[in-house]
Amino acid sequence: MKLNARQVETARPEAKDYKMPDGAGLFLLVKSTGAKYWRYRYTFTGKEKMLAIGVYPAVSLAAARQRRDEARQNVAAGVDPVKAKNYGAAATAAKTITFREIAAEWHSFKKPRWSEGYAKDIIEAFSKDIFPAVGAMPIIDIEPVDMLAALRVIEARGATEKAGKTRRWCGEVFRYAVATGRAKYNPVGELKSAMQSHEGERYPFLVAEELPDFLRAVEDYSGSVLAKLGIKILMLVGLRPGELRRGKWSEVDFDERLWAIPKERMKKRRDHLVPLSEQTILLLRELQKITGRFENMFPGRNDPSNVMSENTINQMIVAIEYKDRIVGHGFRHTMSTILNDQGFNSDWIEEQIAHADKNVIRGTYNHARYLEGRREMMQWYADYIDTLQLI
């Protein structure tokens, strides 16, 4: 039976606390001290919980019922009323916190678990397209239409894959803001249906029969020496272009003929050992004469403390007229195809191109066990590439 205002007003304290139910989970808790508190009992994700609604008479019976009904709507929508209440105070502060500030906080929080290249890609995408559009806006004021407009600028360049990645990164920022009480919902959550889908495709690569002509084109290239050496080394080590460009001389042990790349710079976030063939050693020595005085193997043209732009190698590929026929990532597929066709151990090949082993324990064991086998395999591959240059 529902309460009325008179019952609430005249309720008197007793020796023990007692409850006066009003229905639908709302009740008045009358304390032995005479204080009266409104409480709402509800079930969320299978657990019984309690929401403190307010103190009578500051909160009247009618106001308590209104707050209960709002809490019930939250439960129906899958939102815990306690969290929704806590959000209220945080939301006031959030009115002055911008997307740029939350994004920077989220990035710093996540960065220790990312590779260096991945962390940099996110900041570059935000700085180029997202911050100019919504960076200065309070996070709490940003609507789906604001985010869609920013992301469609990326789509307009034909970069649908980049747009999809950036949408997911923005969604992570908003989810972080919600979890930390600075936003109420994620306005990016429903944008996928309003954006162009990216048609995934395998990176263009060359088959063995196409390599002789390509190798001659590389030798004849008269442009950037770093790009030329970069492509030659990339072909022989099985690394991703970003992993190569961010290489540091301190990682190379010429005596042991090993390149040890820390997990922070690997896409799969595992330490990676690269056995170096005689040909690769010679190429690295040649590169060292040019950039050995720097920390980075491939320093930036204007700032040696940075690394060579990914466009440097891409521009060379265009210059030698192999655009759309090969990209930096494609050399890994070329290597994998040739080695598999020659019957080399598939586990050696997967380890060489740094594909993660789903079984972590097995992957750690194989990481050491396969090294000698991979040394032989990569020397065979370098010798094979040499034979193609004579065709």
For Met308, indicate whether it is of a type outside the set (Phe, Trp, Tyr), in contact with a His (Cβ under 6 Å, 6 or more places away or on another chain) and either open to solvent by 70 Å² or more (accessible area, probe 1.4 Å) or more than 18 Å from Ile385 (Cβ to Cβ) (or both).
no
Filter result (β-branched (Val, Ile, Thr) and either in a helix (DSSP H, G or I) or under 24 Å from the mean Cα position of the chain (by Cα) (or both)) within segment 241-298
Ile261, Thr280, Ile281, Ile290, Thr291
From (1) modelled with pLDDT of 95 or more; (2) more than 30 Å from Pro112 (Cβ to Cβ), pick out the condition that doesn't hold for Ile317.
(1)
Does Ser250 meet the test of being open to solvent by 10 Å² or more (accessible area, probe 1.4 Å), more than 29 Å from Thr337 (Cβ to Cβ) and either touching a Cys at 6+ places or on another chain (Cβ under 8 Å) or free of Cβ contacts under 8 Å to residues at least 12 places away in the same chain (or both)?
no
Take Ser193 and tell me if it is modelled with pLDDT under 85, polar (S, T, N, Q), surrounded by 15 or more Cβ atoms within 10 Å (Cβ to Cβ) and over 22 Å from Val79 (Cβ atoms).
no
Failed item in (1) open to solvent by 20 Å² or more (accessible area, probe 1.4 Å); (2) in a loop (DSSP other than H, G, I, E, B), with Ile326 passing the rest
(1)
Just the residues that are open to solvent by 40 Å² or more (accessible area, probe 1.4 Å) and either among the β-branched types (Val, Ile, Thr) or outside any helix (DSSP H, G or I) (or both), please, taken from segment 204-222.
Pro204, Phe205, Val207, Tyr221, Ser222
Determine the pairs where a residue that is assigned to a helix (DSSP H, G or I), located within segment 141-152, has a partner that is of a type in the set (Lys, Arg) with Cβ atoms under 9 Å apart, the partner being 6 or more residues away or on another chain.
Asp141/Lys95; Met147/Arg167; Leu151/Arg167
Of the listed residues (Phe126, Phe174, Phe99), the one being open to solvent by less than 10 Å² (accessible area, probe 1.4 Å), at pLDDT 90 or above and in contact with a strand residue (DSSP E or B) (Cβ under 9 Å, 6 or more places away or on another chain) is Phe99
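The values are calculated or read from the model by the stated rules, or taken from the named source; none is laboratory data. Worth saying up front: this structure is predicted, and the values here are computed from it rather than measured. No Cβ is skipped: glycine too gets one built from the backbone with ideal geometry, and neighbour counts run over all protein chains shown. When the accessible area is computed, the model is the full protein with side chains, heavy atoms only, and any ligands, DNA or RNA have been set aside. Shrake-Rupley method; radii C 1.70, N 1.55, O 1.52, S 1.80 Å.
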